[in-house]
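K.L.:
Pasting a structure below so you can have a look.
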Amino acid sequence: FSAVGKVYEYCICTAPVLSPFLEGRAWHRPMGVDAEALAAALAVYEGEHDFRRFAARRGNEPEPPPADYYLRTIYSATVAEEGEMLRLRFHGNGFMYRMVRLLVGTAHQVAAGRMSRDALAAMLAEPLGEDEAFQSELSSAVASQASASLSEGLPAGLAALVEPVIENVVSGFQQAPG
């Protein structure tokens, strides 16, 4: 084989209603996505990084993994707007299991203002997760995303009831030992 890289494309549909032809083929975000902020977040991924925080575990990883096991190079990460569709294209030397899905979700958190670009950069700089400030910000981002996802499309009164419950659950999780 003589492949020198791989390209992965991820689609986000911002239409009010997802076409049945896109079911399972695009992430539906009917409230819209700030394409410029998303592009700025994607730029953080470019270059060679340890992407262990962006790899879903399959259970067949070597223990301990070789030093370069999670090392990948992203040559470019771009966003193209095509009507109500955003096409995110990643060009790199390889991708791990569910890596792009996790990269997109985290970049979306940054674009939505639920996480800072600095926290995203810290995920790459601190691949083992030792940064407490990052952990706190990540927990807040997860709580915000869970609340937004669960309350999306609900009547305002019901959404207002759901959000505090989610915050309490996440707060309890954050305070749990270990």
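K.L.:
Residue 116 to residue 40: extension gain in nm, 0.36 nm per residue of separation minus the Cα-Cα distance? Please report the intermediate quantities before stating the final value.
P.N.:
Details: separation 76, 0.36 × 76 = 27.36 nm, distance 1.10 nm.
Here the answer is 26.3 nm.
K.L.:
Would you mind working out the accessible area per residue for region 70-123, using a 1.4 Å probe, and quoting it in Å²? Display every interim value, and only then the final one.
P.N.:
Working: 2370 Å² over 54 residues.
Here the per-residue accessible area is 44 Å².
K.L.:
Also: How big is region 17-98 along each principal axis, measuring the range of its Cα positions in Å and listing the largest first?
P.N.:
Computed over region 17-98, the largest-to-smallest principal extents equal 45, 26, 19 Å.
K.L.:
Here's another thing I want to ask about it. Output needed for region 54-115: three equivalent-ellipsoid semi-axes, defined as square roots of 5 times the C-alpha gyration tensor eigenvalues, in descending order, whole Å.
P.N.:
Numbers: eigenvalues 141, 38, 21 Å².
Ellipsoid semi-axes (Å, largest first): 27, 14, 10.
K.L.:
For region 5-58, report the % of Cα-Cα distances exceeding 18 Å.
P.N.:
Details: 750 of 1431 pairs.
Counting pairs separated by more than 18 Å, the tail of P(r) holds 52 percent.
K.L.:
Next up: From largest accessible area down, sort 9, 48, 36; use a 1.4 Å probe on the protein chains. Before the final figure, lay out each step's value.
P.N.:
Working: 9 75, 48 120, 36 155 Å².
Ranking 9, 48, 36 by accessible area, largest first, yields 36, 48, 9.
K.L.:
Could I ask something else about it? In debye to the nearest 20, how big a dipole does region 1-113 give about its Cα centre with +1 on each Lys and Arg Cβ and -1 on each Asp and Glu Cβ? Spell out each step's value before the answer.
P.N.:
Working: 12 positive and 13 negative charges, 72 e Å.
Dipole magnitude for region 1-113 comes out near 340 debye.
K.L.:
Below 8 Å, C-alpha to C-alpha, sequence gap of six or more: please give me the relative contact order for region 21-122 in percent.
P.N.:
On the way: 120 pairs, mean separation 34.4, N = 102.
Value for region 21-122: 34 percent.
K.L.:
Let me ask another. Please report, as a whole percent, how much of the solvent-accessible surface of region 38-101 comes from carbon and sulfur atoms (probe radius 1.4 Å).
P.N.:
Within region 38-101, the accessible surface is 44 percent carbon and sulfur.
K.L.:
Of all trypsin sites (Lys or Arg not before Pro) in region 24-123, which ones are in loop regions per DSSP and have a Cβ with at most 10 other Cβ atoms within 10 Å?
P.N.:
Numbers: sites: 25, 52, 53, 57, 58, 72, 87, 89, 98, 101, 114, 117; in loops: 25, 57, 58, 98, 114.
When the trypsin sites (Lys or Arg not before Pro) of region 24-123 are filtered for loop state and at most 10 Cβ neighbours within 10 Å, 25, 57, 58 remain.
The values are calculated or read from the model by the stated rules, or taken from the named source; none is laboratory data. All values derive from a computational prediction rather than experimental measurement. Don't worry about glycine lacking a Cβ; one is built from the backbone with ideal geometry, like all the others, and counts go over all protein chains shown. Note: areas computed on protein heavy atoms with side chains; ligands, DNA, RNA excluded. Shrake-Rupley method; radii C 1.70, N 1.55, O 1.52, S 1.80 Å.
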